[in-house]
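The block underneath contains the structure these notes are about, expressed in structure tokens.
No value in this document is a laboratory result; all are computed from the given coordinates. All values derive from a computational prediction rather than experimental measurement. Backbone-built Cβ (ideal geometry, glycine too); neighbour counts: all protein chains shown.
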Amino acid sequence: MGSTTPWDDAATEVGFEFPADYRDFVGLYGGGGVNDELFISAPTLRRTDSRFRTGFGGFVDQTTLGLGRSIAEMRENAVALDDEETYPFPILPEPGGLLIWANNANGDVCFWDTREGDPDRWSVVVLLLSSRHWDRFDGGMTEFLLAVLRGDYPFAKWLIDPTGEASDRPVWDCNFGWDG
């Protein structure tokens with residue numbers, strides 16, 4: 001399982017490093033999904049979308065060209081209508097913009113708030129897209145995942161069904177990563 005991701009190349013390729021807990025998680029498990037519901041992205045050597053590059057650039061492309069671009073466009077429209085509260089966070093490539101690291105089939109998205117210079121201090125920001133509800137989790141990615149899996153995070157049931165078949169023991173499907 002896991003990967004041999006060359007993390008030292010990230011700062012050169014995309015201009016920043018990734019949080020240590022995320023690097024450790026991806027190093028151990030790779031990218032994949034929890035109960036086939038919440039999908040955690042990882043840099044990969046294969047294209048997942050013809051618009052995206054591979055490697056760290058492709059990881060960032062998910063935000064700047066993919067789903068994140070759609071959210072950024074919704075933000076631009078909201079700001080033009082003087083409704084910045086609906087989309088209160090900038091999205092990369094805006095300076096200090098949010099960076100996607102996970103999402104689910106409902107269009108809900110987990111981001112890192114990159115405004116803090118130290119990636120180990122990036123908090124998690126969640127957009128529950130159908131309700132346009134934003135929530136900040138003041139902790140890192142693995143802390144957040146544990147809170148979701150334990151049901152301690154108030155919106156956990158929106159991200160992953162805690163009553164599903166595998167709820168007593170979450171199933172990890174490692175379906176992509178640097179080696180894949």
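Exposure proxy shown here: for 41, 131, 123, the number of other Cβ atoms within 10 Å sets the order, fewest to most, as 131, 123, 41. The convex hull drawn around the Cα atoms of segment 7-176, when projected onto a plane and averaged over every direction, covers 9.6 nm².
By how many nm would the segment from residue 155 to residue 81 lengthen if fully extended, with 0.36 nm per residue of separation less the alpha-carbon distance?
Roughly 23.8 nm would be gained on extension.
Footprinting exposure proxy ranking of 64, 12, 44, 86, fewest other C-beta atoms within 10 angstrom first, gives 12, 86, 64, 44.
If you take every residue apart from residue 119 with its C-beta less than 13 Å away from the C-beta of residue 119, what net charge results, scoring Lys and Arg +1 and Asp and Glu -1? Around residue 119, the surrounding residues sum to -4.
Of 99, 81, 38, the residue with the greatest mean-square motion in the GNM of the chain, using alpha carbon springs below 10 Å, is 81. Charges on Cβ only, +1 for Lys and Arg, -1 for Asp and Glu, centred on the Cα centroid of the chain; of 44, 129, 26, which one is farthest towards the dipole's positive end? After comparing all options, I get 44. Other residues whose C-beta falls under 15 angstrom from the C-beta of residue 159 contribute a net charge of -4, scoring Lys and Arg +1 and Asp and Glu -1. Rg/Rh, computed from the Cα trace of segment 87-149 with Rh as the Kirkwood radius, has the value 0.95.
Couplings 3J(HN,Hα) for segment 20-37, derived from phi with the Karplus relation 6.51 cos²θ - 1.76 cosθ + 1.60 (θ = phi - 60°), are 4, 5, 5, 4, 5, 4, 5, x, 8, 10, x, x, x, x, 9, 6, 6, 10 Hz, where x marks Gly and Pro.
Shown is the FRET efficiency for residue 130 and residue 12, computed with R0 = 41 Å from the Cβ-Cβ distance and rounded to the nearest 0.05: 0.60.
Estimated from the Cβ-Cβ distance and a Förster radius of 35 angstrom, the FRET efficiency linking residue 106 and residue 53 is about 0.85. Among 161, 83, 113, the largest mean-square fluctuation in a Gaussian network model of the chain, built with springs joining Cα atoms closer than 10 Å, belongs to 83. Karplus-derived 3J(HN,Hα) values for segment 58-66, using 6.51 cos²θ - 1.76 cosθ + 1.60 with θ = phi - 60°, are x, 4, 5, 4, 4, 8, 7, 10, x Hz; glycine and proline are entered as x.
Fewest-first ordering of 85, 143 by other beta carbons within 10 Å of each residue's beta carbon gives 85, 143.
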